[in-house]
1. Among the residues in segment B:416-425, are any touching a Cys at 6+ places or on another chain (Cβ under 9 Å) and either loosely packed, with under 11 Cβ neighbours inside 10 Å or not acidic (Asp, Glu) (or both)?
2. Counting just the residues of segment B:364-394 that are of a type in the set (A, V, I, L, M) and over 30 Å from B:SER336 (Cβ atoms), which one comes out least open to solvent (accessible area, probe 1.4 Å)?
3. Restricted to segment A:208-226, and to residues that are within 11 Å of chain B (Cβ to nearest Cβ) and assigned to a loop (DSSP other than H, G, I, E, B), which residue is nearest to the chain's Cα centre (by Cα)?
4. Answer yes or no as to whether B:PHE335 is closer than 30 Å to A:ILE105 by Cβ and either part of a helix (DSSP H, G or I) or among the aromatic types (Phe, Trp, Tyr) (or both).
5. Restricting to segment B:302-318, what's the tally of residues that are modelled with pLDDT of 85 or more and either among the hydroxyl-bearing types (Ser, Thr, Tyr) or open to solvent by less than 60 Å² (accessible area, probe 1.4 Å) (or both)?
6. Out of segment A:89-103, which residues are open to solvent by 10 Å² or more (accessible area, probe 1.4 Å) and either modelled with pLDDT of 95 or more or in contact with a Gly (Cβ under 8 Å, 6 or more places away or on another chain) (or both)?
7. Does at least one position in segment A:183-201 carry a residue that is open to solvent by 30 Å² or more (accessible area, probe 1.4 Å), closer than 26 Å to B:GLY174 by Cα, more than 22 Å from the chain's Cα centre (by Cα) and not assigned by TED's automatic domain parsing to the domain that holds A:LEU291?
Amino acid sequence: MKIVLSAVIMFFFILSLTGAQSNPLQGEMFTDPFIISEMDQEWLERDIKYNTWAKDADIAVSLDQHFYHFFLPFIDKFEKDNNLKIAVEKGTCGISGGLLARKEIDIGGFCCSPGATDRLPQLRFHTVGATSLTILVHPDNPVNNITFEEAQRIFQGKITNWSQLAGSEGKPEPEEDIKVVTRLHCKLRPGHWRLLLDREDLFGPWLYEVGSIPEVIEQVANNRWAVGGFESIYMAYYQYPQKNAPKALTIDGYSPVNRQHLVSGKYPLHFIFNITTWEGKGLENPKAKELADYLLQNVKHIEEKYNIIPAAELMEAGWKFKGSELVGAPE
Amino acid sequence: MNDKDFTSNRGLFFFLRRIPITIKTVLLTVTVGCSAWIGLDYLESESIRKSLNTHFMAMLKKDAKESQSVFFSYINMHTGVIKIIISHPAINDYIGEISKSQWFENDNRQIIYHADIPIWLPNPSILRHFFYINYALLVDDEGNVREVYHGRRNKNLPESILRPTQRLIDLSRGQGHMALFGDTPYLIRSEYIVKSKGEKRASLMLVSPVDHNFFKASQEQIAHKVLSALVESGTGKIVSSSDPELLPPGAALDTYKERFLITGKSFFDYGASELQMKFVTFIPNEEYKKLSGSILSKERSNRALGDVVLIFSFIIVMVLVTRNVKKLNNRVMSFSRKLGIAREDVVRGDEIVMLDKQFQYMFKEIESTTMELKRYSGHLEELVRERTSEIMEANEKVTASLQEKELLLSEIHHRVKNNLQIISSLLRLQSRFIKDRDIDIKTILDDCRSRIRSMALIHEKLYMANDFANIDLNDYIKSVSDELLRSYNVATDKITLNMEVEKIYFTIDTAIPLGLILNELITNSIKYAFPKDKNGIITIQLHRAGNERFRLRYRDNGIGIPDDVELEKPKTLGIHLIKTFLKQLNGEWTLRSNDGMEVIADFKGVKTNESHCEA
């Protein structure tokens, strides 16, 4: 009886954590934290072994490009204060995932919530914080706000001309075709652009898909009628600054730069930053654990320009956590 | 300055001084010109190289970006292709009938290889519109690879691909997944082949080794072919490239920096690769070097020509300048010789050095002379100070003495005047006691008194004026006349006195005789010229009449001169006195009647310095 009851409670807990979306086009925000990738025995018995780039290091870290810049100063300080050698690789979620899967690093940094294939045995995810994802337009574009539905229809290719938008302040929007640009990264991970449209098949046929962040920003900065998604404020304005800095649209009146709008979940698009640590013999590195704790404790000191909402603030606002990993949106 | 400076004959400076300035200037100009050319050549070459490099890099970045973009599109194309294939009836029909196929007859699950296009793939007429499929794998629902299409390639796929884990299938589903198998990166793209109810029946895997053929195929659409490679970012080593001979796998990226312009580094930041790899393009810099070499060579020859022209122009200017320096040097030497200060032992050669040395010597001479002059001047000033002090002291003494003497003289004049006044008063008193019958005596006494009075007046004037050497004759004559008129009780309206006397100052030696002469003449006129009922006019004129000569013209409009007057043998004291006084003044005179009496007397007067007196 107890087992049945537990199973029922677990089912509802998982259901609430995975945060089923009300909008059928939207993808999941999180994956099930209880589902772990199956790995073979050889993998399970393998210890962490650094690759040549981290040879002789005390800690090997791979960080996604989104938070490499704001974490690096803290890592440098930790390295100096503790007289350690820390090898840091700047990469992507895929690279972090690959290095973790090959057991070549102690800490992996992801800009997205972990996908099913990222959840490896004995690997723990710790949420750093969240940042908003923007829908960018050229600075000369008169459009400042769109509805969430309009955003979906634009990226679906159902709205192809700016004049098809409702318009703001009673003025019609320009009679210009929309050029939709995006980077469909991390297709197997939940959240990010999938919060708008779950699958790449939902995007319209005229989508101009590019392979890198600067390409998205450049395309929007150089094309007056382009709309680009979905990059962070830091990337759009600091990491790849443009002469014609793109303008971030508000969605349903909620701004990507307003912390409250993001914390309350009213601004709908965001990245969830996570780092990982290992648990278990042959995997655990106490120094790496200390570093991870140090980084998580210092999230609140990250410069404002990175537009990071620390995990603690999200927890306070009602976001759901499993341990230190964010696994569900607020009610 | 040491004399050795002028004549030192040792060392490099001596050697340089021996070379004439023209030769030195030419040598210097050529040296500086050549050095400047070399320096400028280096700087400009660097600048041009940098500028060209920037320009090239911008162009190449564009190409690299295009190459990278095409590479990415090519990877992405796998998504489209696999989706078309799994939706094609051929594969679905094949999988639908799989129970009849040889898969399940093959208990040991040996893989079936196809070199020709199998029936589960679309027809060649469709496939050739896609990219060239390297390997297509059909995987059963248990994850076993059952069939492999390898086409032109060999069958040797890595074991990890032929025995894929569920994780590999998952990672390559929905996205192109790049991973390293052995030393070769592979791009894997998987999709489930599902039954109508969503039941997974099998999977299709498209597998492409990311080798030079992959690169070649990906870049076919680009006109400007560039070498490209995947580089492992951790080690900086090439994993695979578009040209394995030029860029062999395992070679370090850094070794190509000399031969290639390397650009276009980028992450596969759409997160589908688990490899730390960057897509890098290599542009051989031969063309860049050739072009920059050609531009630099042309620039260099132009600059050389410009420099030669500049050097020659400068040499001409310098020759003209140095010629004038030589002239100046000769003039200075000549001038120095005239002054006797030329240093003939100055080392010959550089004219400016010679000039400098000669000037230094001249300065030294001038300095020494100046010092001597200053010394003399100081001595002279000392002497002048001493002498001035002495003179001032003497002057003070003289002034004091003079003041004393002036005081004394004033006193003397005062006393003389007083004495004369007393004598005059005595004579007056005496005259009062003379009875009327002795009128002549009384007259004599009065005359004497007036004469004494005239003399006293002189002394009075002298001490009153505080000037004991000069007597203002105008003032004196007026005083004498007024005194006489008063003395003889002449009514003011009876005799009118007209005076035309120049501003002349006489010494006492001249003034007293002159005063007495006028005393005699005025007394005579008062006493005799005008009868009681007749008014008269006396005119006195005194003017300069040549060098130290003066003329006195005395005239009255009285009754004239009696006929018996003889000037040679005068019977009256008055005439006698006039003659006597005139004699003292080296003068001569005439007396005549001219509507009255007229006396003209020329005399030599001792006149004082008028300007002094006037002052």
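1. Yes, segment B:416-425 contains at least one residue that is touching a Cys at 6+ places or on another chain (Cβ under 9 Å) and either loosely packed, with under 11 Cβ neighbours inside 10 Å or not acidic (Asp, Glu) (or both).
2. B:ALA394
3. A:SER212
4. When the stated conditions are applied, B:PHE335 does not pass them.
5. Residues that pass the stated criteria total 1.
6. A:GLU89
7. no
For (1) away from every other protein chain (no Cβ under 14 Å); (2) more than 30 Å from B:ALA179 (Cα to Cα); (3) within 38 Å of the chain's Cα centre (by Cα), each residue gets a yes or a no:
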position: B:GLU274; (1), (2), (3): no, no, no
position: B:PHE279; (1), (2), (3): no, no, no
position: B:GLU286; (1), (2), (3): yes, yes, no
position: B:LYS290; (1), (2), (3): yes, yes, no
position: B:SER297; (1), (2), (3): yes, yes, no
position: B:SER301; (1), (2), (3): yes, yes, no
position: B:ALA304; (1), (2), (3): yes, yes, yes
position: B:VAL309; (1), (2), (3): yes, yes, yes
position: B:PHE312; (1), (2), (3): yes, yes, yes
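The values are calculated or read from the model by the stated rules, or taken from the named source; none is laboratory data. The structure displayed is predicted, hence computed values, not measured ones. Here the Cβ is made from the backbone with ideal geometry for all residues, glycine too, and neighbour counts use every protein chain on show. Quick note on the areas: whole protein, heavy atoms, side chains included, nothing else; ligands and nucleic acids left out. Shrake-Rupley method; radii C 1.70, N 1.55, O 1.52, S 1.80 Å.
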